[in-house]
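The values are calculated or read from the model by the stated rules, or taken from the named source; none is laboratory data. This structure is a prediction, so every number in the text was calculated from the model and none was measured. With ideal geometry, Cβ positions are generated from the backbone for all residues, glycine too; neighbour counts draw on all protein chains shown. Note: areas computed on protein heavy atoms with side chains; ligands, DNA, RNA excluded. Shrake-Rupley method; radii C 1.70, N 1.55, O 1.52, S 1.80 Å.
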Amino acid sequence: MKREVPLFITGAIGLFMILSFFVPHHWVSVPADFLQACAVIVVAFGYVLGGANVLRVNLEGISRRERGWGYKIVLVVSLLGTVAIGIADGLRHNGSFPVEGTPSKWIYDNLYATMSGTMFALLAFFIASAAFRAFRIRTFDAGLLAVAALIVMLGRVPVGDVATSWLPEWLRLGTLQQWIMDVPQNASKRAILIGAALGVMATGLRVILGIERSYLGGED
Amino acid sequence: MWLATWLSNLDRRWLFLVMGVLVLEPLLFPLSLPLRVTPPVHGFAAAIDSVPAGSTVLMSCDYDPASIPELVPMTRTAFRHLLSRRCKIVITCLWSGGPGLVDSVTSEVAREFPDRRYGVDWVNLGYKSGNEAVMVLMGQGIRNVFPRDFRGNAVATLPIMRSVRDYTSFPLLVNISAGYPGTKEWVQQVQARFHLPMVAGVTAVSAPEFYPYLQSHQLRGMLGGMAGAAEYEVARGEKGTASKGMDAQSLGHLFVALCIVVGNVVSFLQRRRS
């Protein structure tokens with residue numbers, strides 16, 4: 001029963017949601033809307049579970065003095081501090097936050113936004129290093145990839161058009177990169193999308209029909 | 001050969017330094033390289049131009065501060081474009097880190113239009129967790145999904161929301177997205193299901209994924225990365241942060257291309273010698 005009941009619920013609700021896509025009658029659409037609203041609430045609880053899990057994993061690491069435990073303290077203090085300040089601001093401002101001038105907004109603008117931007121900006125430096133050390137052309141396929149990458153990389157920015165402005169229009173980097181994006185790239189991307197969609201449908205059917213059971217967990 | 005040996009042993013911090021200088025220099029001393037507006041960007045601008053003046057447009061800003069350089073310029077220009085066409089704008093966000101940023105950006109642009117007021121001409125409904133489920137639920141009623149806006153107001157009391165029911169209330173969806181949930185999910189769950197015309201602004205790294213939707217006209221137009229944002233600014237006759245950033249990006253791309261070529265020449269020479 002421990003496995004059969006969840007399998008039955010999954011199958012029944014899965015089939016019902018597929019039915020709701022094709023049957024607009026209110027006997028179907030109203031329960032389907034209710035189930036979707038439930039999904040929104042369940043996802044929101046995922047944040048609570050995620051936060052609790054982060055705390056558990058890091059507090060364990062700190063208590064065992066694992067490698068980098070000092071960073072874990074910073075993480076836990078930041079997490080708890082941000083949540084506490086957020087709750088206090090939310091209570092003070094009738095549930096609306098982060099409002100201008102509040103500590104939450106300060107944390108968001110001066111810590112979260114700047115650190116996120118910094119992490120993303122570091123990519124430019126590592127890409128340059130990786131391009132120099134790791135992007136090696138050893139086969140014909142790798143050569144094609146490199147040529148396409150160079151054309152798109154330079155054609156997407158103004159310097160590509162400026163450098164090839166003396167060539168006929170169809171040979172300029174901007175035009176060539178647009179052709180690569182519109183034709184070969186698009187064809188392969190469409191194939192991947194269709195393949196992935198078929199895979200998703202197959203997996204969905206396997207879950208609904210009870211063939212795929214890994215989501216139930218390993219133990220009986 | 002000594003040059004190849006020297007390059008192969010080059011400390012990567014020199015590469016970091018050159019990249020830093022190449023990005024910084026054009027930001028301080030702009031090169032003003034000419035920009036060409038590509039068809040997907042023309043499509044984006046034309047789709048907004050075709051929206052009847054005074055209608056209410058849905059704008060979903062699904063990103064967080066990591067994507068500021070690419071996506072904030074397009075948000076700014078699209079929001080300004082819509083306000084200049086006297087459209088009303090309903091903003092949603094499916095990324096938890098985004099609403100505060102989007103609120104700052106839209107408030108800053110709205111100051112250029114002193115006669116437009118929050119709650120009357122635009123509203124930020126804020127964040128709602130649930131990804132695709134939220135998109136589908138919005139098709140049954142926007143107010144059920146977002147009972148309060150980002151600033152804590154009851155949505156039912158806002159004048160802009162009186163004429164908004166579900167997706168049928170909007171002639172266009174403008175989606176600015178950095179990943180999941182984003183453009184792909186809006187196309188699959190909303191454009192395909194509710195037939196809502198849609199345009200998208202996306203990060204450069206994810207742009208190739210959406211070309212099939214562009215070719216099938218499920219997307220009427222697309223802005224790809226900072227280049228797309230800069231082209232949109234040029235198409236609108238604006239000089240924003242994306243246009244300024246394109247010089248830096250140009251030199252950055254040029255340097256990465258150079259690194260690929262030089263790295264392979266060095267590798268080839270070393271292989272031949274050994």
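The listed residues are A:Q185, A:Q177, and the only one of them that is among the polar types (S, T, N, Q) and within 7 Å of another protein chain (Cβ to nearest Cβ) turns out to be A:Q185. Can we say A:G199 is without any contact (Cβ under 8 Å) to a residue 60 or more places away in the chain, touching a helix residue (DSSP H, G or I) at 6+ places or on another chain (Cβ under 6 Å) and of a type in the set (G, A, S)? When the stated conditions are applied, A:G199 does not pass them.
Candidates B:A242, B:A230, B:A235: the one that is touching an Asp or Glu at 6+ places or on another chain (Cβ under 9 Å), more than 7 Å from chain A (Cβ to nearest Cβ), of a type in the set (A, V, I, L, M) and within 30 Å of B:E25 (Cβ to Cβ) is B:A242. Here the stretch A:188-206 is the region considered, the condition is being open to solvent by 70 Å² or more (accessible area, probe 1.4 Å) and of a type in the set (K, R), and the residue that is nearest to the other protein chains (Cβ to nearest Cβ) is A:R190. Listed by first and then second residue, the pairs linking a residue in the stretch A:124-143 that is within 26 Å of B:A248 (Cα to Cα) to a residue that is open to solvent by 60 Å² or more (accessible area, probe 1.4 Å) and not polar (S, T, N, Q), with Cβ atoms under 7 Å apart and 6 or more places separating them unless they lie on different chains, are A:S129/B:R12.
Looking at B:R151, is it at pLDDT 90 or above, open to solvent by 10 Å² or more (accessible area, probe 1.4 Å) and not acidic (D, E)? No: the conditions fail for B:R151.
Checking the conditions here, which among B:S96, B:S55 is hydroxyl-bearing (S, T, Y) and touching a Pro at 6+ places or on another chain (Cβ under 6 Å)? Within the list B:S96, B:S55, the selection yields B:S55. Sub-9 Å Cβ pairs linking a first residue in the stretch B:5-30 that is more than 27 Å from B:S274 (Cα to Cα) to a second residue that is acidic (D, E) and open to solvent by 90 Å² or more (accessible area, probe 1.4 Å), at least 6 apart or interchain, number zero. Listed here are the helices (runs of 4 or more DSSP H) enclosed by the stretch B:193-274 that have at least 1 residues being in contact with a strand residue (DSSP E or B) (Cβ under 8 Å, 6 or more places away or on another chain) and open to solvent by less than 40 Å² (accessible area, probe 1.4 Å): B:211-215, B:225-235. Scanning the stretch B:172-192 for residues that are in a loop (DSSP other than H, G, I, E, B) and open to solvent by 10 Å² or more (accessible area, probe 1.4 Å), we see that the one that is nearest to the other protein chains (Cβ to nearest Cβ) is B:A178.
For the stretch B:222-250, what are the residues that are on the phi > 0 side of the Ramachandran plot and in contact (Cβ under 8 Å) with a residue 12 or more places away in the chain? Give the derivation first.
Filtering the stretch B:222-250 for residues on the phi > 0 side of the Ramachandran plot gives B:225, B:237.
Listed by number, the list holds a single entry, B:G225.
In the set (1) in contact with a helix residue (DSSP H, G or I) (Cβ under 8 Å, 6 or more places away or on another chain); (2) surrounded by fewer than 19 Cβ atoms within 10 Å (Cβ to Cβ); (3) of a type outside the set (A, V, I, L, M, F, W, C), the condition left unmet by B:T77 is number (2). Of all residues in the stretch A:153-206, those being polar (S, T, N, Q) and within 24 Å of the chain's Cα centre (by Cα) number 4. Against the test of being open to solvent by 80 Å² or more (accessible area, probe 1.4 Å), closer than 19 Å to B:A248 by Cα and more than 12 Å from chain A (Cβ to nearest Cβ), the options B:L17, B:L3, B:L27 yield a single qualifying residue, B:L27.
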